[in-house]
Amino acid sequence: LEYLLLHQGRPVSQEELIEHVWDGSVDSFSNSIRVHISALRKKLRAALGYDPIRNRIGEGYEIGGEVQ
């Protein structure tokens, strides 16, 4: 979440998340990122009442709106 917020307004690719959040220790073909994003979305939806994470097909994940 922190990395997405730091780069709010632009898509963050799975590869970029792996490199900067997991220090490259996750296989890029693994579904680990999707599982973490899914869990994060559920928690944000419960707390905010909506899902601020957008999946930009072919680009990555992006936080939109005023998330605080």
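Descriptive notes on the structure:
- Listed by first and then second residue, the pairs linking a residue in the stretch 1-18 that is in contact (Cβ under 8 Å) with a residue 40 or more places away in the chain and at negative phi to a residue that is part of a loop (DSSP other than H, G, I, E, B) and of a type in the set (D, E, K, R), with Cβ atoms under 7 Å apart and 6 or more places separating them unless they lie on different chains, are 11/59; 13/59.
- Reported count of residues in the stretch 4-45, each being part of a helix (DSSP H, G or I) and closer than 16 Å to residue 56 by Cα, is 11.
- Residue count for the stretch 1-59 satisfying the condition of being under 12 Å from the mean Cα position of the chain (by Cα), exposed (fewer than 14 other Cβ atoms within 10 Å of the Cβ) and of a type in the set (A, V, I, L, M, F, W, C): 4.
Any read-out appearing in this document is the output of simple, stated calculations on the displayed coordinates, not a laboratory observation. Everything quoted here is computed from the prediction, not taken from an experiment. As a convention, Cβ positions derive from the backbone with ideal geometry for all residues, glycine included, and neighbour counts pool all protein chains shown.
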